[in-house]
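Shown next, in structure tokens, is the structure this report addresses.
The values are calculated or read from the model by the stated rules, or taken from the named source; none is laboratory data. The structure displayed is predicted, hence computed values, not measured ones. So basically every Cβ, Gly included, is an ideal-geometry build from the backbone, and we count neighbours across all protein chains shown. Just so you know, the surface numbers come from the protein's heavy atoms only, side chains and all, with ligands and any DNA or RNA stripped out. Shrake-Rupley method; radii C 1.70, N 1.55, O 1.52, S 1.80 Å.
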Amino acid sequence: MADSEGRTIPVRNPRTGEIDFALPVTTARELANKAARLRANQALWGARPLAERIGVMQRWLGEVAKRANDIAQADAIDTGGCHTSYLQGFITMGNIGGWIEDAQAALDAASYEGPSRAMPSVTVRTQFVPYPLVGVIGPWNAPMMLVLLDAIPALFAGCAVIIKPSEVTPRWVEPLFETVAAVPELAGVFDFVQGEGETGRQLIDMVDLACFTGSVPTGRKIAVQCAQRLIPCYLELGGKDPVIVTQSADLERATTAVLRGGVHANGMVCFSVERIYVAESIHDAFVALLVEKAQKVRLNSDDPRAGHLHPFTFAPQAGIVEQQLAEAVAKGATILTGGKTETIGGGLYMRPTVVTGVTHDMTLMTDETFGPILPVMPFKTIEEAIALANDTSFGLTANVIAGSEEEALPIAKQINAGSVFIQDTFLTFAKNRTVGSNSFGRSGVGGGARTGPEAILRYVRRKALLTQHGEPADIQNDHHLGQH
């Protein structure tokens, strides 16, 4: 595709419905120049001792702290005023600060220096070699947090990083990179491009490792392109996350946890609760209490900082949710509350929507919904509940709420998901700086943990340096080798 100098993309404000931002598209020539500059600068960045890189990142942390409110405000405009957006400056500070504390120990834990167990006369040493240039393509939900979840550990690892945010939510980039510009060493190895899918395709042709968060169809295209180039890729492709509520569960606790897990951030989170399986004996009581609590949830249409649910960030998503609901109703499901898109001040809102009479013949129970929808289905036995939870092509997170941890834990161990939250939902942030996990099915591709201290290992290649301290083997006298 030929360069289109000066082309811009109109960007919609999710609260007003108006086009109020023009996104300049990075041309292929500009992208190539940025990639070449980053790659050239990475040689010095990667050669720095980790302690020096940490010092640079410490200075960046100070710059982010100065602009935390501006960064958060931009992210909030992008998303429509998601509560989490207003915390993004501080979440970014926590991300940088966590790696300042954890990076050295994480690499030390994965390294080795000592005698070979197979050949004691040989000393083995580990060397970590960063991938020169990492490309990160971000989604429109939680746009800054999910891009930086990959970019920051890659920078600590010694890589140069180039990001492409979603063209739906690009406003946060400018205030963030004003903080990057204040740290010249970092600015030399961290940059961004703007554009649609074609820009992302061009970016992948320029990098040595690609990270992507988004839909399965786009992830599949990226995987094919990376495979053709024989470069690694890490793909986070969403989920259809279940919760099992057993007969002994406390209904107050269970409904509170499920409601938040299903509708926080308008349900537009990859680990949102999207399938609710409740023991048959408590199903009706659970549904009644869930409806009661759902009807009390406020929209943030009058005040983005006061309400609970923000508008759909990406306008077409409202249509996807409505289509799934309509198909479910046509097949026998019942909407007990919510279920309609409301246009308020130009924004598209939907109240928490409790649905019963659902089955796995409905896309509402099989395809990612990404909206504030709470479909509830009864089960007779725990074995049936586990089978239903595992009846999916996804496997990001899952949840189990029972009368006790002792009851919930054996159930959790049988669910095919990268993380299972017990006695609550939405606990994924508790993994950060603690442990990593691997997603199942189509939720994650590429292996390696995205969170936890070992996540930094995604961005380096481990090289073994072996020194022979004894006499080298002589081909004239090696018949004994391999004999016992």
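For region 315-338, the tally of residues that are over 27 Å from the mean Cα position of the chain (by Cα) and within 16 Å of ASN266 (Cβ to Cβ) stands at 2.
What's the total number of residues in region 440-478 that are more than 20 Å from ILE231 (Cβ to Cβ) and either touching a His at 6+ places or on another chain (Cβ under 9 Å) or not in a strand (DSSP E or B) (or both)?
18
Within region 295-310, if we keep just the residues that are in a loop (DSSP other than H, G, I, E, B) and over 15 Å from TYR86 (Cα atoms), the residue that is most open to solvent (accessible area, probe 1.4 Å) turns out to be LYS296.
Residue count for region 386-437 satisfying the condition of being over 23 Å from ALA455 (Cα atoms) and hydrophobic (A, V, I, L, M, F, W, C): 13. Among the numbered conditions (1) more than 20 Å from ALA187 (Cβ to Cβ); (2) buried (at least 20 other Cβ atoms within 10 Å of the Cβ), the only one that MET57 does not meet is (1).
For region 84-99, enumerate the residues that are closer than 13 Å to ALA151 by Cα and surrounded by fewer than 17 Cβ atoms within 10 Å (Cβ to Cβ). Let's see the steps before the verdict.
Quick first cut of region 84-99, residues closer than 13 Å to ALA151 by Cα only: 92, 95-96, 99.
Answer for region 84-99, where residues must be closer than 13 Å to ALA151 by Cα and surrounded by fewer than 17 Cβ atoms within 10 Å (Cβ to Cβ): there is none.
Could you go through region 224-247 and let me know if any residue there is part of a helix (DSSP H, G or I) and among the hydroxyl-bearing types (Ser, Thr, Tyr).
Of all residues in region 224-247, those part of a helix (DSSP H, G or I) come to 224-229.
Adding the requirement that they be among the hydroxyl-bearing types (Ser, Thr, Tyr) leaves none.
Checking region 224-247: not a single residue is part of a helix (DSSP H, G or I) and among the hydroxyl-bearing types (Ser, Thr, Tyr).
Listed by first and then second residue, the pairs linking a residue in region 401-420 that is more than 16 Å from VAL273 (Cβ to Cβ) to a residue that is open to solvent by 50 Å² or more (accessible area, probe 1.4 Å) and of a type in the set (Phe, Trp, Tyr), with Cβ atoms under 7 Å apart and 6 or more places separating them unless they lie on different chains, are ASN416/PHE440. Residues in region 333-351 that are assigned to a loop (DSSP other than H, G, I, E, B) and within 17 Å of LEU374 (Cβ to Cβ) were compared, and the one that is most open to solvent (accessible area, probe 1.4 Å) is LYS340. Scanning region 71-83 for residues that are open to solvent by 30 Å² or more (accessible area, probe 1.4 Å) and either in contact with a Phe, Trp or Tyr (Cβ under 9 Å, 6 or more places away or on another chain) or outside any helix (DSSP H, G or I) (or both) yields GLN73, ILE77. Look at (1) buried (at least 24 other Cβ atoms within 10 Å of the Cβ); (2) farther than 21 Å from THR392 by Cα; (3) at pLDDT below 95; (4) not basic (Lys, Arg) and you find that CYS270 fails only one, number (2). Every listed requirement among (1) of a type outside the set (Lys, Arg); (2) under 17 Å from VAL180 (Cα atoms); (3) open to solvent by 50 Å² or more (accessible area, probe 1.4 Å) is met by ALA68 save one, (3). Counting only helices (runs of 4 or more DSSP H) that fall entirely inside region 135-209 and contain at least 2 residues that are crowded, with 22+ Cβ neighbours inside 10 Å, the qualifying elements are 143-157, 173-181, 197-204. Of note, ILE415 satisfies the criterion of being in a loop (DSSP other than H, G, I, E, B), open to solvent by less than 50 Å² (accessible area, probe 1.4 Å) and either farther than 26 Å from LEU309 by Cβ or at pLDDT below 95 (or both). When restricted to residues that are more than 19 Å from the chain's Cα centre (by Cα), farther than 18 Å from PHE426 by Cβ and surrounded by fewer than 24 Cβ atoms within 10 Å (Cβ to Cβ), region 383-410 contains 13. The set of residues from region 8-40 being loosely packed, with under 13 Cβ neighbours inside 10 Å and touching an Asp or Glu at 6+ places or on another chain (Cβ under 8 Å) comprises just one member, ARG29.
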